[in-house]
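The values are calculated or read from the model by the stated rules, or taken from the named source; none is laboratory data. Here the structure is a predicted model, which is why all the values come from computation and not from measurement. Virtual Cβ from ideal backbone geometry, glycine too; neighbours counted across all protein chains shown. Ligands, DNA and RNA are excluded from the accessible area calculation, which covers all protein heavy atoms including side chains. Shrake-Rupley method; radii C 1.70, N 1.55, O 1.52, S 1.80 Å.
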Amino acid sequence: MEPTNPAAWLKEKIYGYWLSQALYCAASLNLADIIHQDGPQNFPDLAKKSNSHPRSLYRLLRLLASENVFKENSSGAFELTPLASLLRSDVPGSQYAMAIMSGSEHYLASSRMIDNVRTGKCAFELQHGKPIFEFLKDHPASARVFDNAMESIHGSETSQILQSYDFSQFNSLADIGGGNGSMLLSVLEKIPQLKAILFDLEHVIKATELVVNKQGVSNRCNLVAGDFFEAINVVAGAYILRHIIHDWDDEKSILILNNIRKVIPKGGRVLVVEAVLPEGNTPHPGKMFDWIMMAIPGGLERTFAEYQELFLKSGFQIQRVIATAGLNSILEAVPI
């Protein structure tokens, strides 16, 4: 649908990054946490507590209040709104980490998008000198923010996946690139008889081990360190890859799937959880995610036809596509 005022629509989109940076500043200064803890604050006091310049801070708050993020009350103090509350670092659905991640390393990478489009080289790597997952390995604080941001994006998806797919048909489930194990732990909680394997890089496994032990499921969840580009040396009735394939180009995605094909037992399943893009001009949030995937890890979102080709080249056939209540679908494939 065309906007009623095309010029105004374009101006709003063009200026969008300024608002994104304002949200990043508010998160970085922990303004929502301070106001939640100490109550409504006038800007000089808030400036002292956030170590910021008073007048500049007021101008930031005034802008955000005009967007219903914070509110200046009749006494001149700033208080939380429902939107501002989501910038707290300690609430369900928090967007704090997302604002930090998007406004820092990702924002800097976005300035290289023209080079990305011209050359095909990943904007993040052009800006920061190394691929994102190597960068995160070398920057533990950024890695923690990244994990929390991914949880804020994907946290609600776990229940949607569990509502859409019956994992009880399997005796064992391998989560490939399962990260902090949040999804796998939810599956284990729902299906007590299920055995699980979490496969990821060694430094990820070391951090995840603490989480698994805390949940008391170490007897049902085997943690295996490895690199899915080299080999996936685990055997399970099903292999799930949630937002793994979209991180990589076709060549690397086929390599991952080929490594599963080498070990998957007869009757096994591969479950790829991703957005499936509609063809043509149909609006879809995944098309923006595709732009971001090109910029940050160098991957891509795909249409059904592109997934079908990817699976066939890896020795799999898509058996069905199960829509979830959210953005994603579960592509279930079997070996051929």
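I'd like to check something: does region 169-178 contain any residue that is among the aromatic types (Phe, Trp, Tyr) and under 25 Å from Pro297 (Cβ atoms)? There is no residue in region 169-178 that is among the aromatic types (Phe, Trp, Tyr) and under 25 Å from Pro297 (Cβ atoms). Each residue in region 30-55 was checked for being polar (S, T, N, Q), exposed (fewer than 12 other Cβ atoms within 10 Å of the Cβ) and under 20 Å from Gly103 (Cβ atoms), and 1 pass. For region 244-263, the set of residues classified as open to solvent by 20 Å² or more (accessible area, probe 1.4 Å) and part of a loop (DSSP other than H, G, I, E, B) consists of Trp248, Asp249, Lys262, Val263, listed by residue number. Flag not set for Leu241, criterion: outside any loop (DSSP other than H, G, I, E, B), without any contact (Cβ under 8 Å) to a residue 60 or more places away in the chain and buried (at least 16 other Cβ atoms within 10 Å of the Cβ).
Could you identify the single residue in Phe146, Phe167, Phe124 that is under 19 Å from Trp248 (Cα atoms), out of contact with any Asp or Glu (no Cβ under 8 Å at 6 or more places or on another chain) and of a type outside the set (D, E, K, R)? That would be Phe146, the only listed residue that is under 19 Å from Trp248 (Cα atoms), out of contact with any Asp or Glu (no Cβ under 8 Å at 6 or more places or on another chain) and of a type outside the set (D, E, K, R).
Residues that are crowded, with 20+ Cβ neighbours inside 10 Å and farther than 22 Å from His154 by Cβ within region 298-333 comprise Phe311, Ser314, Phe316, listed in sequence order.
In region 193-206, the residues that are surrounded by 23 or more Cβ atoms within 10 Å (Cβ to Cβ) and of a type in the set (S, T, N, Q) never reach a residue that is assigned to a loop (DSSP other than H, G, I, E, B) and at pLDDT 95 or above with C-beta atoms less than 8 angstrom apart, at least six apart or across chains.
Check whether at least one residue in region 130-151 is at pLDDT below 95, assigned to a helix (DSSP H, G or I) and touching a Phe, Trp or Tyr at 6+ places or on another chain (Cβ under 8 Å), and report yes or no. The answer is yes, given that some residue of region 130-151 is at pLDDT below 95, assigned to a helix (DSSP H, G or I) and touching a Phe, Trp or Tyr at 6+ places or on another chain (Cβ under 8 Å). Region 264-336 holds strands (runs of 3 or more DSSP E) entirely within its bounds, and those carrying 1 or more residues that are within 27 Å of Asn116 (Cα to Cα) and in contact (Cβ under 8 Å) with a residue 60 or more places away in the chain map to 269-274.
When Glu67 is tested against (1) within 19 Å of Gly103 (Cβ to Cβ); (2) surrounded by 16 or more Cβ atoms within 10 Å (Cβ to Cβ); (3) acidic (Asp, Glu), just one condition goes unmet, and that condition is (2). Taking the conditions (1) at pLDDT 95 or above; (2) open to solvent by 20 Å² or more (accessible area, probe 1.4 Å); (3) within 16 Å of Leu241 (Cα to Cα) in turn, Gln169 satisfies each one other than (3).
Scan region 113-129 residue by residue and report those that are in a helix (DSSP H, G or I) and among the small types (Gly, Ala, Ser). Of everything in region 113-129, just one residue is in a helix (DSSP H, G or I) and among the small types (Gly, Ala, Ser), namely Ala123. Tell me, which residue of region 116-132 that is open to solvent by 80 Å² or more (accessible area, probe 1.4 Å) and not β-branched (Val, Ile, Thr) is farthest from Glu202 (Cα to Cα)? Of everything passing the filter in region 116-132, Arg118 is farthest from Glu202 (Cα to Cα).
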